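The values are calculated or read from the model by the stated rules, or taken from the named source; none is laboratory data. Nothing here was measured: the structure is a model prediction, and the numbers come from that model. Here the Cβ positions follow ideal geometry from the backbone for every residue, glycine too, while neighbour counts run over all protein chains shown.
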Amino acid sequence: MDKKIDVAIEYYTSKGQKILDKVNKRNNVSADELIKLGEEMAIIEYKLTALEIAKTN
């Protein structure tokens with residue numbers, strides 16, 4: 001089970017990093033895009049938190 005959790009953590013960490021890279025590379029991110037990407041990051045962070053808790057239990 002721990003292996004699956006580790007793979008999921010790696011996946012979501014990578015996905016979050018891609019979003020951050022996308023935002024940081026662009027100079028002209030619209031407010032709508034920023035809100036959408038922020039919401040996606042929040043979802044990813046919630047999933048990562050849940051996975052970390054599951055890993056410790």
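Tell me, which residue of segment 1-56 that is small (Gly, Ala, Ser) and over 9 Å from the mean Cα position of the chain (by Cα) is surrounded by the most Cβ atoms within 10 Å (Cβ to Cβ)?
8
Are any residues in the chain among the aromatic types (Phe, Trp, Tyr) and in contact with a Leu (Cβ under 7 Å, 6 or more places away or on another chain), and if so, which ones?
Scanning the chain gives a single hit, 12.
Among all residue pairs at least 6 apart or on different chains, which show Cβ distances below 7 Å where the first residue, located in segment 1-20, is at pLDDT 95 or above and the second is of a type outside the set (Ser, Thr, Tyr) and exposed (fewer than 11 other Cβ atoms within 10 Å of the Cβ)?
The qualifying pairs do not exist here.
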